[in-house]
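A short reminder: the numbers here are calculations on the coordinates, not readings from a lab. Remember, predicted model here, so these are calculated numbers, not experimental data. Neighbour counts are summed over all protein chains in view; Cβ atoms, including those assigned to glycine, are modelled from backbone coordinates with ideal geometry.
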Amino acid sequence: MPDLKLLECFDNAHPGRDYVIEHVAEEFTSVCPKTGHPDFGTVVLRYCPDATCVELKSLKLYYQSFRNEGIFYENVTNCICDDLTKLMKPRWLVLQTRWQGRGGIRSIITATSGEVPADQRG
């Protein structure tokens, strides 16, 4: 599995304010564990930081570490959600993966952490 140690944080300069950060990674890849074929998707991370924020270069390297990983969509989504929650301890977090179609089916998987406001669930 990808390594949580690839991720880094920096201090939130505004920890007393609720605000939303959204990062969209449009070139996410992993491997289907059944077929061995590559899966292509978009990862949308939306969160309200508390004390720390995720550093983008480290986030990119972490996402890239899934490239050769045989892992189902659902597991990818929950793994990333859990790792980012453990790392940053945000007030809330929504992690959504949007997968390109295969066999006429496209998938969108959403995992949450914390008390996500209704208007932020994706």
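Kindly state, to the nearest 0.05, the FRET efficiency for Cys32 paired with Leu61, given R0 = 22 Å and r defined as their beta-carbon distance.
Numbers: r = 22 Å, r/R0 = 1.02.
Plugging the Cβ-Cβ distance into 1/(1 + (r/R0)^6) gives 0.45.
Between region 19-33 and region 83-121, how many Å separate their Cα centres? Answer, in whole Å: 10.
For the chain, adding -39500 (n - 2.57) for each run of n ≥ 4 DSSP H residues and dividing by the number of residues yields -6500 deg cm²/dmol at 222 nm.
Most tightly packed first, judged by the mean number of other beta-carbon atoms within 10 Å of their residues, the peptides 71-84, 1-14, 51-64 read 71-84, 51-64, 1-14. The Rg/Rh ratio of region 48-97, with both radii computed over alpha carbons and Rh defined as the Kirkwood radius, is 0.97. Semi-axis lengths, largest first, of the ellipsoid equivalent to the chain are 26, 16, 11 Å, with √(5λ) applied to each eigenvalue of the Cα gyration tensor. Pairs from the table (Lys5/Lys34; Lys60/Lys89; Lys34/Lys86; Lys57/Lys89; Lys5/Lys60) lying more than 24 angstrom apart at Cα are Lys5/Lys34; Lys34/Lys86.
How do Glu115, Glu27 rank when sorted from fewest to most other Cβ atoms within 10 Å of their own Cβ? Spell out each step's value before the answer.
On the way: Glu115 8, Glu27 12.
Result, fewest neighbours first: Glu115, Glu27.
Converting phi to 3J(HN,Hα) with the Karplus coefficients 6.51, -1.76 and 1.60 and the offset θ = phi - 60°, region 17-22 yields 10, 7, 8, 10, 10, 10 Hz in sequence order, with x at every glycine or proline. Beta bridges assigned by DSSP with both partners in the chain are antiparallel in approximately 95 percent of cases.
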